[in-house]
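In what follows, a single structure is set out as structure tokens and then discussed.
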Amino acid sequence: MDKKTQSRLEKLEFLIKQMDKLHLRDAANILNVSEMTIRRDLSTNTGSVVLLGGYIVKDPQKANENNYLIFEQETKHIAEKMQVGKLAAELVQDGDVVFFDCGSTVPFIASQINSSIKFTALCCSINSFLVLQEKPHCHVILCGGHYSRHNSFLTPIQLNTELDAICTTKAFISAAGVDVKQGVTCFNVDEAKTKHKAMAKTKQAILVFDHSKVNKVQQAYVGDLAQFDLLVCDQTLPVIFNTIKSPILTK
């Protein structure tokens, strides 16, 4: 099996961990290949996903082989999140110490980091941890605290946490709203507090978001766009974003 085929299959297996099924047409669009290419990949695949009735699903014969729990995640804008994840994953280098925020976009970053890269990952959510722990050369540190089933987020219950003890080289910060005037926001105040601390302890704060978050404002304030060293989005941003000084990385 060549490297491109293996890479596509790994991405499909990751996607099916996030949802029950994925239409063949959508999978082809996400991976930017033809439907026939996906069919050919799956026909030679001995992994955990198969094609049934036009949908890619978990192989029923292997569904119970893995005993760990896959937490429910948001399934909107999958292609966009995959693109953001690809762009952000390419920023991770050997020797990096990286903070991975919570949110549905961040696992798409973790899943696309080259498996040969040796790095340390600090994370505060189960959905990111489940992906990172599969990377053979990744040393994973999971921040502890109160677990929320709503967003698989761990809220610290002590004043001093792993975030206080570790300085990172990069921090991937997610957002539910990105607005030039009102800044970066998220849904949950506890999440915002963790983002603040992660941004304060890192060398490079990187905001990751898909274009559906642009011009949206949620209740919990994270910070001004100028507080980020780099913005990563799947599409070219509106002209008004040219007024900020932070560099922007897009497709």
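The values are calculated or read from the model by the stated rules, or taken from the named source; none is laboratory data. Bear in mind that the values here come from a model prediction, so they are computed numbers and not experimental data. In this analysis, Cβ positions are derived from the backbone assuming ideal geometry, glycine residues included, and neighbour counts consider all displayed protein chains. Accessible surface is based on the protein model in full, side chains and every heavy atom, while ligands, DNA and RNA are left aside. Shrake-Rupley method; radii C 1.70, N 1.55, O 1.52, S 1.80 Å.
Just to confirm, what accessible area per residue do you get for the chain at 1.4 Å probe, in whole Å²?
51
Within the chain, what whole-number % of the accessible surface is contributed by carbon and sulfur, with the 1.4 Å probe and all protein chains included in the calculation?
Roughly 49 percent of what the probe reaches on the chain is carbon or sulfur.
Let's test the formula: R0 of 22 Å, r as the Cβ-Cβ distance of Glu90 and Gln133. What FRET efficiency results, to the nearest 0.05? Show your work: numbers first, answer last.
On the way: r = 21 Å, r/R0 = 0.96.
Result of the calculation: an efficiency of 0.55.
What FRET efficiency comes out for the pair Lys118/Leu249, r = Cβ-Cβ distance, R0 = 35 Å, nearest 0.05?
0.90
Could you tell me which residue out of Tyr147, Thr169, Val189 lies farthest along the dipole of the stretch 132-206 toward its positive end? Charges go on the beta carbon: Lys and Arg +1, Asp and Glu -1, centred on the Cα centre.
Checked the options; the winner is Thr169.
Can you pull the one-decimal nm distance between simple spin-label points at His196 and Thr5, each 7 Å off the Cα toward Cβ?
Each label point is offset 7 Å from its Cα along the Cβ direction, giving 5.3 nm.
Between Leu52 and Ala28, 0.36 nm times their residue separation minus their Cα-Cα distance comes to what?
Value of the extension gain: 7.1 nm.
If you filter the stretch 1-47 for GluC sites (Glu not before Pro), then keep DSSP loop positions with at most 10 other Cβ within 10 Å, what is left? Before the final figure, lay out each step's value.
Values: sites: Glu10, Glu13, Glu35; in loops: none.
When the GluC sites (Glu not before Pro) of the stretch 1-47 are filtered for loop state and at most 10 Cβ neighbours within 10 Å, nothing remains.
State the Cα centre-to-centre distance between the stretch 123-181 and the stretch 189-251 in whole Å.
17
Please report, for the Cα atoms of the stretch 148-229, the Rg to one decimal and the Dmax as a whole number; what are they, in angstrom?
Rg, Dmax (Cα atoms, Å): 12.7, 35.
7 Å from Cα along Cα→Cβ at both Glu35 and Lys21: what's the point-to-point distance in nm?
Label-label distance for Glu35 and Lys21, simple model: 1.5 nm.
Extension gain Ile166-Asp229, at 0.36 nm per residue separation less the Cα-Cα distance, in nm?
Using 0.36 nm per residue and subtracting the Cα-Cα distance, I get 20.8 nm.
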